[in-house]
Every structure is written in structure tokens, then in C-alpha cells.
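Below you'll find the structure, written out as C-alpha cells, and then a few comments.
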Amino acid sequence: MNKKLFTSLLLILLQYSVFQAQAVTVDSIAKLGLPVLSITTIDAEEPTCDYAFAPEGAWGITTVNHTKVKGRCLLVSHTDTLFDSGEYLKDKSGMTLRIRGNTSAYYSAKKPFKLKLEKKNDLLARGDSSYYDKNWVLLSTGDCLYTLFGNKVNELVGMPWTPAAIFVNLIINDDYRGLYMLIEQVRRNADCRLNVDKQTGYVIERDAYWWNEDVYFNTDLYNKEFTFKYPDPEDITDEQMAYITDYLNRFEQSIADGRYTDYIDVESWASWLIAHDLLGTWDAGGANIYLSKFNNEDDSLLHMTTLWDFGSIMKQKTSWSQIHDEGFYYYPLLFNQDNLAFNDAYIRRWHELLPGIFTALERFFDEFEDSDTAKGLKASYPHEYARWGYDDGSLDEKILEIRQWLSNREQWVNNAISSVPTSSIALQSQQPAATRQPVNLLGQPVNPQTYRGIIIKNGKKVFVK
């Protein structure tokens, strides 16, 4: 075994032994600096699930036969109580907890969870009743810093809703479970999440795990399967099912003759794709593709809603995101030499975003590095690694990885767009509205696509591998 690897593993085991020997209390974990979410279930019962494997012709692994355990959750920061659900009392107080997720739940010992309050409230304790909801998620998959990054991109490209979230240290029945992201679930909520009409609106998902759902529909021309986030599957009427199926079928028929602008909000579709192209997302089928339709009126179009699941970002280093080219969704039919109108919308939207989005992301991570949250993460990482027996590097290393990605990705997308066919010569020749030429330490202009070493960009040193 490699000596360095052996030493790292030995250190982790020693940390874990020390960690296990110490009494784990909310107070001791709160001293790390992050909010602590403490969950106590009745009789210390743990949620369980089974796993289902895709039938022939489909793919994936997902969770089934979930048990929901009842209990109480308490969110504290230092010595302050931010939220207390109270003891479990059906429809009045307390909460239920169950395992959620698909492949992330199957492959990882550290499970993601869905937390449902018995009475609506804001689990993030923002002091505003408009944020009240019953449904919350505890994300554990991948690195939650990627979710922080992805959510900021989601916000900056102008998607209609960005889930609010905080980092927490999680304790269940006095057992420290590590770092999680406590985040709003994708749900209809006219006040604070996805706003669609309560009677005639829809939130649907192009779902890779449709085969595990009791209620879904598939389209005629391209055989795409969709499941429901709203209305709830058990509440879908025959009329609602017929309407949304027919709408998607007519949209598919319209792609060939360019009439798809009668069915989809092109700007939201272009912005959603730009976000994934900026992030370099590898997983097309697991991109969690959510669409909304405000009501069943003719002037209500299909919108892309919010990005979700960032476990495979920063993987497509020298290509578009996979959802751009892979046939799981509609983008290969829209973004090509036969549908120049969508290409135009994509490029126009990119040039609208370019003057500010990379600067905003740099500023965001500047502020984040100096935040109390970052300090809490740095203090918590050794405990997370000791609890689960791995070491994934420091927070500084993770942020540097994101900065390097942004430095290279801006140049790559600009170059790639220059070869995209459009309907307008003027649009083809349009240059980025703002170009920030990086330089080396001698002040000489360099191309980050070919240059390796330290460059200065916007007054900051960036290392390009």
C-alpha cells in the first residue's frame, strides 16, 4: 500500500476512535460553528428502505418500501434555539423522517433524508410565515459545496426559484451523522417555492425513475416519461392527465416546424441549459428536470423551473453538458442547425448574462470564504471525515477547484458558441459583451485553454492546471 495513503487511513481511524470515545452532544457539536439539527425519534427507531433495480429497457437504482419514523427535530446555533418542532403529535407538532434518493442512497452508507413537519413552518428559521412548508430535504450526496455553487448559478441565470438552504451538522438519536445541507424541497408553494395555480397548474419531472412510480405518462412521438410533483399523484384526475399528456404531445409535434415557441418559454429553457453548460454537468438522466405550467390556459407555457442535484458538475471539461447533446431530454432536438431560433435565444441569453455572471460568482466565493459558515465547515470537516472514514480535502482546496473551473469555463463556452449556427450574421459575429483578459505574473495576456500555471484574473491569482 502507498505509504501516504496508509498514513492517511491510519489518521482517519485514530480520529474516529477519539471521536467515538467522546460524548456527542448538541452543545459539543454546536461549538464547531454550524447550526446543529438534532433529531430524536420515538424509541430511537431508524428509518429503513429497500432498493429497486430498473426493469429491462430502463436504468437506475432507487429506494422503495420506505419506513417513516416519528419524532422531534431541534435546530440550534451556538446556544440559541432556532426551531423546535415539538414532540410528535399527528397534524399538530413533531415530524417524520425517511430515507430518500436513488443511487445516492444505495451506494452510500451516509443516507439522504426527507424530513416532513406535521405542521407547516420554516425549518430555516427566517422569521417570515410566507416560507412555511411541511417538506424539507437533508442532502448528503456528493459535496454540498457543489450544491452551494449550483444554486448560485441557478439564481444568477434567472430561474424562477432557487431553493434556500443552510449547512448543518446532523445528530440522530445522539449519533453524529456528519455534514448535511438542509434545503427546501421541490414543491408547489405559491408563496415561496414553485408558483402554479392550485386547481389547474402542474409541476412535472422528466424522470429517469418513472418505472418506480404508480402514476406517470409518456409521450407519443419521442416516448419521454414524466412524473408528477404537482398535483400529488394520488390526486390526479383523468382530465388533468389527458390535458398535460396532450400538451406535451403537441409540443413534440411542433418542434419539427418551429412552432415550439407556442408551447415553451424559450428563455427559461435556454437559461436552464446555459446553467448546466456553465457547470459542465455530466449526468443527463439524473439532472432532475422539472417543468411547470401555471394553469391550463392557452397563454400558459411550459417553463423550466430550477436546477437540482449537482453531484456530477465540473466533469465536462472540454464539451457541453451531457444534457445538451444526450437524447434523454429535448435539447438535442432544439439546439442544432435545424432550429436556429433556439440557438439564437441561447446565444442572446449567454451574452446578456456574460457581463456579470462570472464576476458575481467570484464575488460570491470571496464573501463565502470570509463567512462564519466557511469557518464552521472547516471546523466540521475533520469530524465528518472521521465519522464516515474518508478524507476529501480541505475547504480551501474545494473552493480553488471551483475558481479554476470558472476561469477555464468562461473561455471554453465563449469559444464553443462561436461555432454555433444562428439565423443572423450579426448574431454569429457578436462578441461577448465583456471580456476580462487574464494575464500571467509578468502582465502578459494568456489563453487559459493552453496556458498552465498562475494567472491573474480580475485582480486575483488563479492556478490553471
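The values are calculated or read from the model by the stated rules, or taken from the named source; none is laboratory data. Here the structure is a predicted model, which is why all the values come from computation and not from measurement. Note that we place each Cβ from the backbone using ideal geometry, even for glycine, and neighbour counts take in every protein chain shown. Areas reflect the complete protein model, heavy atoms only, side chains present, ligands, DNA and RNA absent. Shrake-Rupley method; radii C 1.70, N 1.55, O 1.52, S 1.80 Å.
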Handout entry: Coordinate range along principal axes, alpha carbons of the chain, Å, largest first
Key = 69, 68, 46
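Rolling a 1.4 Å sphere over the protein heavy atoms, what is the accessible area per residue of the range 359-428, to the nearest Å²? Could the numbers behind the result be given before it?
Values: 3170 Å² over 70 residues.
Ligands and nucleic acids excluded, the result is 45 Å² per residue.
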Fill in the blank from the handout: The pairs in Lys114/Lys229; Lys114/Lys317; Lys114/Lys378; Lys224/Lys315; Lys114/Lys224; Lys70/Lys111 lying past 21 Å Cα-Cα in this model are Lys114/Lys317; Lys114/Lys378; Lys224/Lys315; Lys114/Lys224
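For Asn121, what charge total do you get from the other residues with a beta carbon under 14 Å from its beta carbon, if Lys and Arg give +1 and Asp and Glu give -1? Display every interim value, and only then the final one.
Values: positive: Arg72, Lys92, Lys116, Lys119, Lys120, Arg126, Lys134; negative: Asp84, Asp91, Glu118, Asp122, Asp128, Asp133, Glu184, Asp191.
Taking every other residue near Asn121 into account, the sum is -1.
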Practice task
Would you calculate the separation in nanometres between label points at Phe364 and Ser129, each defined as 7 Å from the Cα along the Cα-to-beta-carbon direction?
Solution key: 3.2 nm
Problem - Table column - 3J(HN,Hα) (Hz), the range 374-383, Karplus curve with 6.51, -1.76, 1.60, x for Gly and Pro - result: 4, 5, x, 5, 4, 6, 8, 3, x, 6
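Hey, any idea what % of the range 251-402's accessible area is carbon plus sulfur with a 1.4 Å probe? Intermediate results must be reported in sequence, preceding the final value.
On the way: 2610 of 5820 Å².
Ligands and nucleic acids excluded, carbon and sulfur give 45 percent.
Assign one of three labels to the range 184-290, namely rounded, prolate or oblate, based on the Cα gyration tensor with a ≥ b ≥ c the square roots of its eigenvalues; rounded applies when a/c is under 1.5, prolate when it is not and a/b is larger than b/c, and oblate otherwise.
Details: a/c = 1.34, a/b = 1.12, b/c = 1.20.
Judged from the Cα gyration tensor, the range 184-290 comes out rounded (a/c under 1.5).
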Completion exercise
Given the candidates Trp136, Phe113, Ala125, the one whose Cα lies deepest towards the positive end of the charge dipole of the range 71-144, counting +1 at each Lys or Arg C-beta and -1 at each Asp or Glu C-beta, is Phe113
Handout entry: Inter-part distance where the range 285-302 and the range 191-210 are each reduced to a Cα centre, Å
Key = 7 Å
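Which of Lys116/Lys152; Lys119/Lys293; Lys152/Lys293; Lys198/Lys375 have a Cα-Cα distance over 30 Å? Spell out each step's value before the answer.
On the way: Lys116/Lys152 25 Å; Lys119/Lys293 27 Å; Lys152/Lys293 24 Å; Lys198/Lys375 42 Å.
The answer is Lys198/Lys375.
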Problem - DSSP beta bridges in the chain [antiparallel fraction, %, rounded to 5] - result: 90 percent
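Just how many % of Cα pairs in the range 334-423 lie over 23 Å apart, if you round to the nearest whole percent? Intermediate results must be reported in sequence, preceding the final value.
Details: 1901 of 4005 pairs.
More than 23 Å apart: 47 percent of the Cα pairs in the range 334-423.
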Problem - Charged-residue dipole, Cβ positions (Lys, Arg, Asp, Glu), the chain about Cα centre, Debye nearest 20 - result: 1820 debye
Handout entry: Per-residue HN-Hα couplings for the range 320-336 [Karplus 6.51, -1.76, 1.60; θ = phi - 60°; Hz; x = Gly/Pro]
Key = 4, 4, 5, 5, 5, 10, 7, x, 4, 10, 8, 4, x, 7, 9, 9, 7
Practice task
Evaluate E = 1/(1 + (r/R0)^6) for Ala379 and Asp50, where r is the Cβ-Cβ distance and R0 equals 45 Å; express this FRET efficiency to the nearest 0.05.
Solution key: 0.75
Problem - Leading residue at positive end of dipole, the range 169-221 (Cβ point charges), from Trp210, Gln185, Ile172 - result: Gln185
Fill in the blank from the handout: Applied in sequence order to the range 119-129, the curve 6.51 cos²θ - 1.76 cosθ + 1.60 (Karplus, θ = phi - 60°) yields integer Hz couplings, x standing for Gly and Pro, of 10, 3, 6, 9, 5, 8, 6, 8, x, 9, 5
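How much of the accessible area of the range 54-138, in percent, comes from carbon and sulfur atoms when a 1.4 Å probe is used?
The value for the range 54-138 is 45 percent carbon and sulfur by accessible area.
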Exercise for the section: Estimate the FRET efficiency between Arg452 and Lys119 by the formula 1/(1 + (r/R0)^6), using the beta-carbon distance for r and 56 Å for R0, to the nearest 0.05. Expected result: 0.50
Exercise for the section: Calculate the dipole size of the range 319-380 relative to its Cα centre from +1 charges on Lys and Arg beta carbons and -1 charges on Asp and Glu beta carbons; express the result in debye to the nearest 20. Expected result: 60 debye
Fill in the blank from the handout: With a ≥ b ≥ c from the Cα gyration tensor eigenvalues, square-rooted, and the rule rounded for a/c under 1.5, otherwise prolate when a/b > b/c and oblate otherwise, the range 164-216 is oblate
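Just the number please: accessible area per residue for the range 31-189, 1.4 Å probe, all protein chains included, in Å².
On a per-residue basis, 43 Å².
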Handout entry: Spatially proximal aspartates and glutamates relative to Lys110 (Cα-Cα < 20 Å; intrachain offsets below 8 disregarded)
Key = Glu45, Glu46, Asp50, Asp143, Asp174, Asp175, Glu184, Asp309, Glu384, Asp391, Asp392
Practice task
Assuming a ≥ b ≥ c are the square roots of the Cα gyration tensor eigenvalues, decide whether the range 81-153 counts as rounded (a/c under 1.5), prolate (otherwise, with a/b larger than b/c) or oblate.
Solution key: oblate
